[in-house]
Amino acid sequence: MDSHLAIRARGITKCFGEVVALDGIDLDVARGRIHGLVGPNGAGKTTLLGLLLGLAVADSGRLEILGTPTGRTFEDPGGVSGFVDAPGLYPSLTARQNLAALAALRGDGPRTAGIDDALEQVGLTDVADDRTRGFSLGMRQRLGLAAALLARPRLLVLDEPANGLDPAGKKHVHGVLTRLAGEGTTVVLSSHRMDDLEALCSEVTILATGRVAFSGPLGELAAGDRELAYRLVTSDPARARRLAAAAPGVRLAEDTAGRQGGDALVVHALVPALDALVAGLVHAGIALRELAPVVSPLEAAFLALTEPPAAGAGEPRETDGRQRRSDVRRQPAPTRRQRTDVRQQEAAQ
């Protein structure tokens, strides 16, 4: 395994009965990075996170974590901590007692100083002696993160860590994860919130029906080869609309005024055409007060790679070899028997 990789997966497949949850997953995650995992419900995110935590075993393929190949039996990968679905807590115990119980289960002893430090990191010092049955969803998520931090992990695996957090709590958790990555800890997290992933992650993997639809830097999703919708607010909406209507490569959104307000203009364009429009507006003496994508580049890519193709759509486009498999979109996951039949047909050809 490459020394700079915290995770290396090749051809990982996992089935539950006749349902294929993961179908030939390839994944590389570098050490000290925050890597986002995104996909529709049922895409295989939680299954993949469970494999990383040692809660499940792949049926086939090779998975190496922190330089060590995982075996075919359930085991706790050393240096790995986190949670899937939701952190497991004892509701009758306080936050501090929950962490002490988890430390004792791992054989770490009381380690009061470590518990206090973990509670402080996630902002729960003031409620450390309150029973967790009264905790909100966001507070339980933060306590789950504190439990994971007790193990001083080199790989932190989190399932929807910002779920239920208010803005202050989210900022706090983001700060903790960013600091950990800066210290060399690798973080893999799933989320349905694109703004969280864009704020935290340098790389993302998009799953669709158990397969990798994209894996790579966020910057590639914002490249100029995908047309996006942009919202513009200018000092002269009427003149800006006329210039946009005449600009090459720019399409005006229908009924912009009715949906976005009288001063806003929504256009569809590739990045080069948008740049030319902005330059034209400035040259015409029109001030640009606001420019933002209506849908973030990550969300736009997510929808493009996972939504069903439109009726009558042509053949799927060729990929560039970087695991962009938009042709898998939301087709039903293949069953074990279907995959066997396909392999037998391929062998006979």
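The values are calculated or read from the model by the stated rules, or taken from the named source; none is laboratory data. Everything numeric here is computed off the predicted structure, so don't read it as measured data. Heads up, the Cβs are rebuilt from the backbone with ideal geometry, glycines too, and the neighbour counts pull from every protein chain shown. To get the accessible areas, we keep the full protein, side chains included, count just its heavy atoms, and leave off ligands, DNA and RNA. Shrake-Rupley method; radii C 1.70, N 1.55, O 1.52, S 1.80 Å.
Note on A246/D126: beta-carbon distance plugged into 1/(1 + (r/R0)^6) with R0 of 56 Å gives a FRET efficiency of 0.40.
With all protein chains present, how much of the accessible area of the range 90-247 (probe radius 1.4 Å) comes from carbon and sulfur, to the nearest whole percent? Working shown, then result.
Details: 3540 of 6760 Å².
Carbon-and-sulfur percentage of accessible area, whole number: 52.
For the range 1-42, the spread of Cα positions along the three principal axes, ordered from largest to smallest, is 36, 22, 10 Å. Rounded to whole Å, the principal axis extents of the Cα atoms in the range 148-187 read 27, 18, 15, largest first.
Just subtract the alpha-carbon distance of L93 and R289 from 0.36 nm times their residue separation and send over the number in nm, one decimal. Let's see the in-between values first.
Details: separation 196, 0.36 × 196 = 70.56 nm, distance 5.26 nm.
Taking L93 through R289 to full extension adds about 65.3 nm, to one decimal.
For the range 65-189, the per residue solvent-accessible surface stands at 48 Å², with DNA, RNA and ligands left out and a 1.4 Å probe.
The separation of the range 28-97 from the range 117-150, counted between C-alpha centres, amounts to 20 Å. Ordering 94-101, 160-167, 281-288 by mean Cβ neighbour count within 10 Å, with the highest value first, yields 94-101, 160-167, 281-288. Scoring 44-50, 84-90, 147-153 by mean Cβ neighbours within 10 Å over their residues and listing the highest first yields 44-50, 147-153, 84-90.
How would you order 115-121, 134-140 from highest to lowest mean count of nearby Cβ atoms within 10 Å? Don't jump to the answer; show the numbers that get you there.
On the way: 115-121: 18.6, 134-140: 15.6.
Ranked from most to least packed, the peptides come out as 115-121, 134-140.
Rounded, prolate or oblate: which fits the range 67-206 when a ≥ b ≥ c are the square roots of the eigenvalues of the alpha-carbon gyration tensor, with rounded for a/c under 1.5 and prolate only if a/b beats b/c? Note, shape of the range 67-206 comes out oblate.
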